[in-house]
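One structure is given below, encoded as structure tokens.
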Amino acid sequence: MNNSIQVISKYALEGLNAQSLNEAALAAKQTLESGSGLGNDFLGWLHLPSSIDEQQLQALEQTAAILRQECEYVITIGIGGSYLGAKAIIEALSDHFAAYKSGNGPKVLFAGNNIGEDYLYDLMDLVRGHKFGIIVISKSGTTTEPAIAFRLFKEMLEKQEGKEFAQRNIVAVTDARRGALRNLATQEGYATYVIPDNVGGRFSVLTPVGLLPIAVAGFDIRALVAGAVEMEKDGDEQVLNYAIARNALYNNGKKIEILANFTPRLHFLAEWWKQLYGESEGKGHKGIFPASVDFTTDLHSMGQMIQDGERTIFETVLSVGDQQHEVIIPTDEADLDGLNYIAGKNVDYVNKMAELGTRLAHVDGGVPNLLITMPAVNERYLGQLIYFFEKACGVSGYMLGVNPFDQPGVEAYKKNMFALLEKPGHEEATAAIKARL
Ligand code: PA5
């Protein structure tokens, strides 16, 4: 498939017999596609792109149009899989300085992804006196962080703009039937969208969880979905290449994968990727630890560690073909900064040389290097990338021998937090935890 995400393992697999994993990878893919593996009740994402129909897209676009027309800000409330996908795509597609520029439509802001009191205070301060809307997203409908944020902003909006405006400009994305948010939305008469039962949070960016905020931000959800459909149909070769390479490296002692980008707008894409792979693979005391860096920025902080630290890492560079704009480095007669040797070149040319130089240096330092190329950062290629990473995650997780679709480990901190907060029903745990303090 041309014009698509490609995985290049030229500098990744030297000295490894990665081909020995071909059969295991094909078996894992077959397990995934036949729905015969662990977590098979969470495979709704597998054929999601091609199942999104015109009616769904139109409904999302209409809801987005109401929010875009009526609001200066839209606060998207959610955490984990109910946050990172939308954040990643909106950041990737936005002007880097959108926050400081006036533009068409509302600014999409995020809350409920932390419990930072000052964060919430500052956001409330920002939207006070301005018309704002809320998209509240929670599959379970009971997650503490978004629930606190929603309570605060709902109350604020109702007081500020009245119940009628709030009802029109609050949209809930949640389970079809269960959970506190579903009940609240029904009672208050909010517009709602459903997160399908068989799609887990970190695989949900192509459901209304991601599509609605992305549409509100003014981006083309049709092109995003079309890109994902392309990968669903034709992406298996790349999926297998990535799953095989990372498992071959892991089996050879490379326990940490660093996703590196040279494109500042991809910072949150890496945050989304970390959740996808971390929550899917970190089980049974196994799994590649997913980390990320933004280059060249982090070459001046983490570069030393990657070049010379413990040799347990491999690097996956997410490389972008074309930039959206061209900036040429000017000639300077005095040349006091000594930069005339690159005068007339565009900035991205320098960045590409930094990318290649970095990859070769890291390979020489004992850090195998995988390359994932995307032709440009736009809706189509981001759609491809999302689906590519999701499917490779499923295949890779099965190759590792874990259930890639559950996340039992994330409950541990919640139990302690509820015990410490003395939540009703947690009395025994409260007593036990207090005895440890
Ligand atoms: O991937 C996951 O399942 C999690 O990260 C959830 O998305 C996250 O915990 C938020 O859950 P919920 O949407 O139920 O509020």
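The values are calculated or read from the model by the stated rules, or taken from the named source; none is laboratory data. All figures in this text were calculated on a predicted structure; none of them were measured in a lab. Because the Cβ atoms are built from the backbone with ideal geometry, glycine has one as well, and the counts that use them run over all protein chains shown.
Yes or no: PHE165 within 12 Å of the ligand (Cβ to nearest atom), among the aromatic types (Phe, Trp, Tyr), part of a helix (DSSP H, G or I) and surrounded by 14 or more Cβ atoms within 10 Å (Cβ to Cβ)? Spelling it out, it is not the case that PHE165 is within 12 Å of the ligand (Cβ to nearest atom), among the aromatic types (Phe, Trp, Tyr), part of a helix (DSSP H, G or I) and surrounded by 14 or more Cβ atoms within 10 Å (Cβ to Cβ).
You will find that of VAL402, VAL363, the residue that is of a type outside the set (Lys, Arg) and either closer than 20 Å to VAL317 by Cβ or not assigned by TED's automatic domain parsing to the domain that holds SER280 (or both) is VAL363 and no other. Among the residues of the stretch 102-125, the one identified as within 12 Å of the ligand (Cβ to nearest atom) and in contact with a strand residue (DSSP E or B) (Cβ under 6 Å, 6 or more places away or on another chain) is GLY112.
Just give me the residues in the stretch 378-404 being in a loop (DSSP other than H, G, I, E, B) and surrounded by fewer than 24 Cβ atoms within 10 Å (Cβ to Cβ), in sequence order. Full working, then the answer.
Filtering the stretch 378-404 down to residues in a loop (DSSP other than H, G, I, E, B) leaves 378, 401-404.
Selection gives ASN378, GLY401, VAL402, ASN403.
Scan the stretch 184-199 residue by residue and report those that are among the β-branched types (Val, Ile, Thr), within 14 Å of the ligand (Cβ to nearest atom) and assigned to a helix (DSSP H, G or I). Within the stretch 184-199, no residue meets the criteria.
The test for being of a type in the set (Lys, Arg) and within 16 Å of the ligand (Cβ to nearest atom) does not hold for ARG128. Meeting the requirement of 1 or more residues that are of a type in the set (D, E, K, R), the helices (runs of 4 or more DSSP H) wholly within the stretch 1-116 are 22-34, 54-70, 84-93. The residues on offer are VAL209, VAL239, and the sole one that is within 12 Å of the ligand (Cβ to nearest atom) and buried (at least 22 other Cβ atoms within 10 Å of the Cβ) is VAL209. Residues satisfying the criterion are absent from the stretch 133-152 (criterion: of a type in the set (Phe, Trp, Tyr) and away from the ligand (no atom under 16 Å from the Cβ)). Among the residues of the stretch 111-159, those identified as in contact (Cβ under 8 Å) with a residue 60 or more places away in the chain and basic (Lys, Arg) are LYS131, LYS139. Residues that are surrounded by 10 or more Cβ atoms within 10 Å (Cβ to Cβ) and either modelled with pLDDT under 95 or not in a loop (DSSP other than H, G, I, E, B) (or both) within the stretch 325-347 comprise ILE328, ASN340, ILE342, ASN346, VAL347, listed in sequence order. Against the numbered list (1) among the hydrophobic types (A, V, I, L, M, F, W, C); (2) assigned to a helix (DSSP H, G or I); (3) crowded, with 24+ Cβ neighbours inside 10 Å, LEU370 comes up short only at (2).
For the stretch 212-269, which positions are among the polar types (S, T, N, Q), outside any helix (DSSP H, G or I) and touching a helix residue (DSSP H, G or I) at 6+ places or on another chain (Cβ under 7 Å)? The one that is among the polar types (S, T, N, Q), outside any helix (DSSP H, G or I) and touching a helix residue (DSSP H, G or I) at 6+ places or on another chain (Cβ under 7 Å): ASN261.
If you take the residues in the stretch 169-183 that are part of a helix (DSSP H, G or I) and buried (at least 18 other Cβ atoms within 10 Å of the Cβ), which one is farthest from the ligand (Cβ to nearest atom)? Only one residue fits best here, namely ASN169. Filtering the stretch 281-300 to residues that are touching a Lys or Arg at 6+ places or on another chain (Cβ under 7 Å) and closer than 17 Å to MET399 by Cβ leaves ILE288, PHE289, PRO290. Can ARG202 be described as outside any loop (DSSP other than H, G, I, E, B) and under 20 Å from the mean Cα position of the chain (by Cα)? Against the criterion (outside any loop (DSSP other than H, G, I, E, B) and under 20 Å from the mean Cα position of the chain (by Cα)), ARG202 qualifies. LEU38 passes every criterion in (1) buried (at least 20 other Cβ atoms within 10 Å of the Cβ); (2) not assigned by TED's automatic domain parsing to the domain that holds GLY112 apart from (1).
Within the group THR76, THR63, which residue is of a type in the set (Val, Ile, Thr), under 28 Å from LEU212 (Cα atoms), more than 16 Å from the ligand (Cβ to nearest atom) and buried (at least 16 other Cβ atoms within 10 Å of the Cβ)? Write out each step before concluding.
Numbers: THR76 fails: more than 16 Å from the ligand (Cβ to nearest atom).
Of the residues listed, the single one that is of a type in the set (Val, Ile, Thr), under 28 Å from LEU212 (Cα atoms), more than 16 Å from the ligand (Cβ to nearest atom) and buried (at least 16 other Cβ atoms within 10 Å of the Cβ) is THR63.
Checking the structure you have, find out if any residue of the stretch 318-339 is in the same structural domain as LEU266 (by TED's automatic domain parsing), closer than 22 Å to SER280 by Cα and among the hydroxyl-bearing types (Ser, Thr, Tyr). No; the residues of the stretch 318-339 include none that is in the same structural domain as LEU266 (by TED's automatic domain parsing), closer than 22 Å to SER280 by Cα and among the hydroxyl-bearing types (Ser, Thr, Tyr).
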